[in-house]
1. Looking at segment 331-358, I want the residues that are over 20 Å from ALA294 (Cβ atoms) and have a partner that is part of a strand (DSSP E or B) and open to solvent by less than 60 Å² (accessible area, probe 1.4 Å) with Cβ atoms under 9 Å, at least 6 apart or on another chain. Which pairs are those?
2. Please return the ranges of strands (runs of 3 or more DSSP E) entirely within segment 144-198 where 3 or more residues are not small (Gly, Ala, Ser).
3. So, of the residues in segment 296-330 that are farther than 17 Å from PRO396 by Cα and among the aliphatic types (A, V, I, L, M), which turns out to be most open to solvent (accessible area, probe 1.4 Å)?
4. For residues that are of a type in the set (A, V, I, L, M, F, W, C) and part of a strand (DSSP E or B), scanning just segment 237-258, find the one that is nearest to PRO117 (Cα to Cα).
5. Scanning for something within 17 Å of ALA261 (Cα to Cα) and at pLDDT 90 or above, does segment 49-57 turn up at least one residue?
6. Output the number of residues of segment 115-152 satisfying the condition of being surrounded by fewer than 12 Cβ atoms within 10 Å (Cβ to Cβ) and in contact with a strand residue (DSSP E or B) (Cβ under 6 Å, 6 or more places away or on another chain).
7. From the list THR233, THR251, exactly one residue is open to solvent by 40 Å² or more (accessible area, probe 1.4 Å), hydroxyl-bearing (Ser, Thr, Tyr) and within 29 Å of SER159 (Cβ to Cβ). Which is it?
Amino acid sequence: MILSRNWLQIPLFLILFLISSATNQLAAAEETLGTIRFTAGKSPLENEPVSVELPETGFTAEQVFLIETADAEMTAIPAQIEKRKQSADLLWWIPPGKTAAGKTREFQIHPGTISPPQELTIKETDRAYQIRIGDHPVLSYNYQHIEPPKPLDPLYGRSAHIHPIWTPGGKIVSDEFPPDHAHQSGQFLAFTKAVFEGRPTNFWEIKSKKGRVRFKNLVSKQVGPVFAELIVTQEHVDLTGESETPALLETWGIRVWNQPAKDPAYWMYDISSDLRCATESPLNLPEYHYGGMAIRGGRGWTKENCEFLNSNGKTRANGNHDRARWCDISGRTEPDTPWSGFTILTSPDNFRFPEPVRIHPSMPYMVFTPCPLGDWEIDPGKPHISHYRFLVHDGPALARTDAIWQHYAKPPKASIQLVAAP
């Protein structure tokens, strides 16, 4: 081998390191731990996460990557292991490109790590945990109490909400302390009409002085090549008694998925909400027309420049309280500027699925809520768990939204076969 003049200028130890690194990568690529197969469902799959349960014995690798069997170029695909205490660990990856409906793809598992095209990070600021993909911010979860700007009443200050929420193009599709309804900050979960220990309370309308939702503590955070996740605890605090009393403790799992596309059409993240009684008293929730997982659309979105579309094809005009699998809110600040928006997908595992969607007749906000369907309650020892997926997009609502929901609701079945130990 003849070395060029540039190579001759590189220190010998660095050349040896590069050769050793390449050799180790080649060896890792040749070492196969097993095979994974999955089959897409009735809808095509495109850059969406897939998982497989790992066996409780026989899989000791902490970090792995995948190579598709049919890929002649042997392109390495990032993978990430999710550790779970109550059940088998999961291996997650995002199959690159499109997978036709009903198609089966096969991947080899290899030990080691590779870097994705864009790194996921969680940056802690003086007010929020900000999750980023490469140089692009995706969302900020506000753990600090945020004071509202003057002249708003300081009572509107709050924590435990997500804002800003950015599109891949950098547009902000959420609002914080909107002047018309300052309690609707970003993305949040709260109930409006509630009864705790016989007293009417209200966790939604903060200025009522009856209740509020606030951040309690960070449980954990995880960053990998496939997803970044925050797990936080929030308190739904009743203020109607002799002293402040948390009525509910809520755990949010916020998971942002790393999109492998160079210029993705959307960011995708999930939130799981685990609500439990904080005392021996239940929380009664009488029938009401809103209360639940909510989003306030971007500043400057008006009735004329904001549109809604749900999975049943209904809009603001006829979609209020329609029971939909997903609902999109899109807006723009001027009639001649591009659209951007935010879609909520609800899980079939949720209480009263498909939950009605409250669409406000004039303001840019919506909420998935079980409350219009009659009285219910959260009882001690019986957690109320709900799951949602969110698509944050440039342009109008995504044409593929229903296919994305189908995959979210009915994930493709995957199987794993490990190589027998020698």
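The values are calculated or read from the model by the stated rules, or taken from the named source; none is laboratory data. Fair warning: this is a prediction, and the values are worked out from it, not measured in the lab. Quick reminder, even Gly has a Cβ in these numbers, built from the backbone with ideal geometry, and neighbours come from all protein chains shown. Keep in mind that these areas ignore ligands, DNA and RNA; they rest on the heavy atoms of the full protein, side chains included. Shrake-Rupley method; radii C 1.70, N 1.55, O 1.52, S 1.80 Å.
1. ARG332/CYS306; ARG332/SER340; PRO338/ASP394; TRP339/SER330; TRP339/GLY331; TRP339/HIS393; TRP339/ASP394
2. Here the list reads 161-165, 187-190.
3. Step by step, filter segment 296-330, then rank; the result is ALA317.
4. Just the residues of segment 237-258 that are of a type in the set (A, V, I, L, M, F, W, C), to begin with: 237, 239, 247-249, 252, 254, 256-257.
After this cut, where a residue has to be part of a strand (DSSP E or B) as well, the list is 237, 247-249, 252, 254, 256-257.
Details: VAL237: 42, ALA247: 44, LEU248: 40, LEU249: 38, TRP252: 28, ILE254: 22, VAL256: 15, TRP257: 13 Å.
Ranking the candidates gives TRP257 first.
5. Initially, segment 49-57 is screened for residues within 17 Å of ALA261 (Cα to Cα), giving 49-50.
Checking which are at pLDDT 90 or above leaves us with 49-50.
Yes, segment 49-57 has at least one match.
6. Within segment 115-152, residues that are surrounded by fewer than 12 Cβ atoms within 10 Å (Cβ to Cβ) and in contact with a strand residue (DSSP E or B) (Cβ under 6 Å, 6 or more places away or on another chain) number 1.
7. Numbers: THR233 fails: open to solvent by 40 Å² or more (accessible area, probe 1.4 Å).
Unique residue meeting the criteria: THR251.
Results for (1) open to solvent by less than 10 Å² (accessible area, probe 1.4 Å); (2) under 19 Å from PHE368 (Cα atoms), shown as yes or no for each residue.
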{"position": "PRO154", "(1), (2)": "no, no"}
{"position": "ALA160", "(1), (2)": "yes, yes"}
{"position": "ILE165", "(1), (2)": "yes, yes"}
{"position": "PRO168", "(1), (2)": "no, no"}
{"position": "SER174", "(1), (2)": "yes, yes"}
{"position": "GLY186", "(1), (2)": "yes, yes"}
{"position": "TRP204", "(1), (2)": "yes, yes"}
{"position": "GLN222", "(1), (2)": "no, no"}
{"position": "PHE227", "(1), (2)": "yes, no"}
